[in-house]
Structures are given as structure tokens and as C-alpha cells.
Amino acid sequence: MHSNRREFFQFLAASTVLTPSMRALAQQLAVSHDQPGVIMSAKEALQVMDFEEAARRALPPAHWGYMASGVDDDLTLRANVEAYRHIGLKPRRLVDVSKPDLSTEVFGVRWETPLFICPVGGQRAFHPQGEMATAAAAKAKRHQMILSNVTTYSVEDVAKTLGQPPWQQLYMPLKWEETDKLVKRIEDAGVPVLVWTVDLLAGRNTPTMTRFGRQDTRNCIACHSNGVGTPVPGYRPMYEGLNLEGRYNPPDATWATFDRLKKLTKMKLILKGIDIAEDARLAREHGADAVVVSNHGGRDTENGRGTIDILPEVIDAVGPQFPVLVDGGFRRGSDIYKALAIGARAVGLGRAYIYGLSAFGQEGVERVLDILRAELTLTMRQCGTPTIAQITRASILRNGARI
Ligand SMILES: Cc1cc2nc3c(=O)[nH]c(=O)nc-3n(C[C@H](O)[C@H](O)[C@H](O)COP(=O)(O)O)c2cc1C
């Protein structure tokens with residue numbers, strides 16, 4: 001298929017009927033078809049990582065850099081992905097796996113799969129339909145979506161596309177009065193679960209992102225009229241009407257702030273960005289309804305630990321009844337399987353679906369979700385564990401030893 005298209009684009013590139021710029025484009029497309037693994041449509045993708053290169057080609061360097069980078073030397077970003085390689089599977093044979101069931105329960109609600117959509121900010125930087133395309137895909141494929149607080153479409157609009165209010169992530173404003181207003185607005189939108197992200201309260205160091213930004217030769221000020229890297233006007237609808245002065249994530253927040261937030265709202269309250277046993281225990285003691293083990297996709301502290309390696313200590317600290325969610329580096333169904341085996345209640349996707357969104361909009365997100373569901377189903381069948389409850393730590397080994 002690729003070689004036919006390449007020939008077609010080469011034919012166009014040589015055509016005298018086209019303008020020079022169209023011929024140049026055809027030449028580019030012909031070249032891209034020379035490279036194995038580069039996909040031109042969502043349908044062609046065989047695996048999630050096929051979308052990574054497609055996304056890189058679709059995005060301007062600054063937007064790609066914002067998405068693909070981590071902090072410091074990007075070690076934690078890489079650790080998230082690489083840590084799965086040290087975990088092996090223990091497949092059981094001659095088990096009836098004819099009826100796999102991926103369903104699980106979260107807060108009393110039956111989910112068809114344990115996969116949810118992580119909050120990712122500024123999605124119109126990746127595709128013109130941004131969070132609307134993601135919501136439409138989440139609806140079509142029936143996945144829980146968590147909307148970022150720095151979404152480019154409001155929670156009210158996203159709820160319409162999703163067919164129900166999403167869970168809402170919170171970056172807390174510095175002033176409590178503004179937090180109060182923001183949380184009330186989210187509650188009024190019918191959101192059942194608030195997810196407070198606590199891993200960026202101390203700031204972060206992002207040299208890779210800055211380096212990519214410097215390669216960008218476009219006129220960024222045309223969109224980012226307040227300066228490169230600042231939000232595009234109108235693209236922060238959740239902070240409209242608030243007096244933020246562009247600042248959020250209070251560095252003086254403590255567990256007392258959590259207690260205050262808990263009192264402020266009837267929504268269930270989750271803490272996102274918990275990375276060690278002690279904090280997980282504190283979260284449970286302070287009445288959190290769940291935690292998300294997350295290092296923001298390697299974008300907060302360069303702690304050098306993949307989230308899958310952190311998961312066991314967190315689950316052991318809070319016990320099996322307390323819901324522990326996890327995200328970071330999930331690119332294969334077998335990665336998801338490993339997290340479920342350790343005891344995660346559900347698994348969040350970040351860049352995996354953003355690659356799909358960047359390259360092909362809603363269709364790309366849907367294909368990513370389909371691929372991961374199919375791969376997880378296959379792993380469950382191959383391992384002789386056709387239901388989520390049957391997947392336990394006995395199903396895996398880390399560096400050859402039981403976890
Ligand atoms: C471009 C980008 C933007 C993000 N924006 C947010 C955000 O607004 N709020 C948040 O809580 N997490 C945000 N995250 C973190 C994700 O929710 C998630 O923790 C992370 O992407 C998971 O790692 P993965 O990308 O390897 O799957 C963002 C991640 C990326 C890559």
C-alpha cells in the first residue's frame with residue numbers, strides 16, 4: 001500500500017500541472033512513505049507508538065516539545081516507559097479464556113475497561129478540536145475522561161460532547177476565594193469527582209521543552225499574543241472571571257489545604273501526583289477518596305522512578321480496598337496488565353491518546369483506545385486470567401522475583 005502511494009505522490013511531485021508548493025508537498029509525502037512505520041491514517045496504525053512519529057510530523061516543534069518533554073534530563077520520562085520492561089508475565093495455559101471480561105468498578109460505577117483518559121492541558125495546541133475531539137472519542141469508546149483545568153474548552157462544553165460531566169482536574173489558584181469560586185463552578189457543572197494535582201506546587205525545570213521552542217520559526221506571537229509560551233487568549237475558559245494574575249499551584253499548600261478543600265465540596269476528591277507510601281497513607285487518613293500514582297508523565301520531579309515501580313509501595317501502604325489509580329508510560333496492553341496485577345484499580349493514558357489526537361483528531365484517539373483494549377484483552381487471554389479479578393501479583397515477576 002505504501003509503495004503505491006509513494007509512487008502516486010512521486011508522480012504528483014513531477015507533475016507540471018501543480019503549483020511549485022503543491023509539488024513540494026507531494027515530494028514530502030512521497031519521502032514520508034519511504035520510511036517504514038510512518039502512518040498516514042489512523043487505520044494504518046498497528047500499535048500506539050506508530051502514532052508518536054505521526055504526531056511529531058503533525059505538530060510544530062514548540063507544541064511537540066511541550067508534549068514530548070519531561071524535566072531536567074528527561075530521565076523520569078524515560079523511566080516511566082522503561083520500567084515495564086523489567087516486569088515479566090507468567091502465562092497460565094489450559095484455562096477457559098473464551099469470554100474475557102475487562103470490566104471493573106470505580107466508586108460504585110461499572111466501567112467497561114479499567115482505562116481512563118488523563119487530564120492533558122491545552123489540547124488545541126495538538127488539534128483544532130482539542131478536548132472536544134478527545135471527549136467525542138471517550139464517549140464513542142465509553143471511557144472515563146478527566147478534563148484538565150487548563151483545558152481549551154470549558155467543562156460545560158466538554159460535558160455536552162461527552163454526554164455527561166467529566167471528572168475535573170484542579171490546579172488550585174493561589175487565593176482561596178478564587179479556589180472557592182472555581183470549585184463551585186465545577187460542582188455546578190455536575191462534575192462528580194475532583195482531581196487535585198499536587199505534583200507541580202514546587203515548580204519545574206523544562207530545558208528540553210525550551211530547546212524545542214527555540215527551533216520553532218513560526219510567528220508564535222500571532223496566537224500567543226502575551227508572549228511565547230503564554231496561554232492563547234480565550235484558551236483558559238476554566239479561569240475566566242477569576243482573579244489569578246496568571247498564577248496557580250500555591251507553593252504553601254499543605255495537608256491543611258487538602259482538609260479545607262475537602263470541606264468545601266461534596267464531590268469525591270482524588271489526589272493526583274502521589275509518589276511514595278507515606279503520602280498515600282496521609283491521603284487516606286485525610287479522607288481522600290482515591291490517589292493517582294503519577295509523576296505527571298515525567299514532568300514534575302526528576303525522581304528517576306517509573307510509576308509502575310512506585311505502585312507496589314503505595315498499594316501496600318493503603319491496602320487493597322482503597323482505590324489506587326496510576327498513569328505514566330502506558331503504551332501497550334501488557335503495561336496495563338502489569339499495573340492491574342500489582343493492584344491498580346484503573347490505568348490512565350496521557351501521551352498515548354495525545355499522539356492519536358495530534359495526528360488524526362478524534363479518529364486517532366479512538367484507534368489508540370481500540371488498540372490498547374485489544375492488546376489488554378489478548379494479554380488477559382494469553383495469561384489465563386480472563387477477568388480483572390484473576391490478575392494478581394502471582395501473574396508477574398519483576399527482575400525475576402515476586403513483587
Ligand atoms: C502535554 C501534557 C500536558 C499535561 N497537562 C496536565 C494537566 O493539565 N493536568 C494534570 O493533572 N496533568 C497533566 N499532564 C499529566 C497527565 O495527566 C499524565 O499524568 C501523564 O501524561 C501520564 O504519563 P504519559 O504521558 O506517559 O501517559 C499532562 C501531560 C502532558 C504530556
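The values are calculated or read from the model by the stated rules, or taken from the named source; none is laboratory data. Every value quoted in this text rests on a predicted model; they were computed, and no experiment measured them. Cβ sites come from the backbone with ideal geometry, for glycine too, and all protein chains shown count toward neighbours. Keep in mind that these areas ignore ligands, DNA and RNA; they rest on the heavy atoms of the full protein, side chains included. Shrake-Rupley method; radii C 1.70, N 1.55, O 1.52, S 1.80 Å.
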Inside the stretch 28-121, counting only strands (runs of 3 or more DSSP E) that do not spill past its ends, which hold 2 or more residues that are modelled with pLDDT under 95 and in contact with a Ser or Thr (Cβ under 9 Å, 6 or more places away or on another chain)?
-> none
Condition check for Ala341: modelled with pLDDT of 95 or more, in contact with a Ser or Thr (Cβ under 9 Å, 6 or more places away or on another chain) and either hydroxyl-bearing (Ser, Thr, Tyr) or open to solvent by less than 10 Å² (accessible area, probe 1.4 Å) (or both) | yes
So which residues in the stretch 380-397 are closer than 16 Å to Ile336 by Cβ and either open to solvent by less than 40 Å² (accessible area, probe 1.4 Å) or of a type in the set (Lys, Arg) (or both), if there are any at all?
-> Met380, Arg381, Cys383, Thr385, Pro386, Ile388, Ile391, Arg393, Ser395, Ile396
Residues within the stretch 108-120 that are open to solvent by 10 Å² or more (accessible area, probe 1.4 Å) and either of a type in the set (Ser, Thr, Tyr) or within 17 Å of the chain's Cα centre (by Cα) (or both), tallied | 2
Report those helices (runs of 4 or more DSSP H) wholly inside the stretch 127-238 carrying at least 1 residues which are farther than 30 Å from Leu115 by Cβ and of a type outside the set (Val, Ile, Thr).
-> 176-188, 207-215
Residue satisfying condition, being within 15 Å of the ligand (Cβ to nearest atom), open to solvent by 40 Å² or more (accessible area, probe 1.4 Å) and out of contact with any Pro (no Cβ under 7 Å at 6 or more places or on another chain), within set Thr301, Thr217, Thr254, Thr307 = Thr301
Has the stretch 353-365 got any residue that is under 24 Å from Gly108 (Cβ atoms), in contact (Cβ under 8 Å) with a residue 12 or more places away in the chain and touching a strand residue (DSSP E or B) at 6+ places or on another chain (Cβ under 7 Å)?
-> no
Considering every residue within the stretch 207-230, establish whether at least one is closer than 22 Å to Asp327 by Cα and modelled with pLDDT of 95 or more.
-> yes
Within the stretch 179-195, the count of residues that are within 13 Å of the ligand (Cβ to nearest atom) and in contact with a Ser or Thr (Cβ under 9 Å, 6 or more places away or on another chain) comes to 1
Exactly one of (1) farther than 22 Å from Gly130 by Cβ; (2) surrounded by fewer than 21 Cβ atoms within 10 Å (Cβ to Cβ) is unmet by Leu244. Its number?
-> (1)
Result of the Cβ filter at 7 Å on the stretch 147-165, keeping first residues that are closer than 14 Å to Gly234 by Cα and partners that are open to solvent by 20 Å² or more (accessible area, probe 1.4 Å) and of a type in the set (Phe, Trp, Tyr), at least 6 apart or interchain, is Asn149/Tyr171; Val150/Tyr171; Thr152/Tyr235
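Yes/no per residue for (1) more than 23 Å from the chain's Cα centre (by Cα); (2) of a type in the set (A, V, I, L, M):
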| position | (1), (2) |
| --- | --- |
| Glu156 | no, no |
| Pro165 | no, no |
| Pro173 | no, no |
| Glu177 | yes, no |
| Asp188 | yes, no |
| Val191 | no, yes |
| Thr208 | no, no |
Flagged in the stretch 209-224 as hydroxyl-bearing (Ser, Thr, Tyr) and within 13 Å of Gly65 (Cβ to Cβ), in numbering order, are Thr210
Filter pass, Glu187 being of a type in the set (Asp, Glu), open to solvent by 30 Å² or more (accessible area, probe 1.4 Å) and in contact (Cβ under 8 Å) with a residue 60 or more places away in the chain | yes
Just wondering, is there one or more residues in the stretch 130-145 that are out of contact with any Leu (no Cβ under 9 Å at 6 or more places or on another chain) and within 12 Å of the ligand (Cβ to nearest atom)?
-> no
Kindly indicate which of Arg204, Arg236 is among the basic types (Lys, Arg), modelled with pLDDT of 95 or more and buried (at least 18 other Cβ atoms within 10 Å of the Cβ).
-> Arg236
Out of curiosity, is Gln164 within 12 Å of the ligand (Cβ to nearest atom) and either within 24 Å of Met132 (Cβ to Cβ) or surrounded by 21 or more Cβ atoms within 10 Å (Cβ to Cβ) (or both)?
-> no
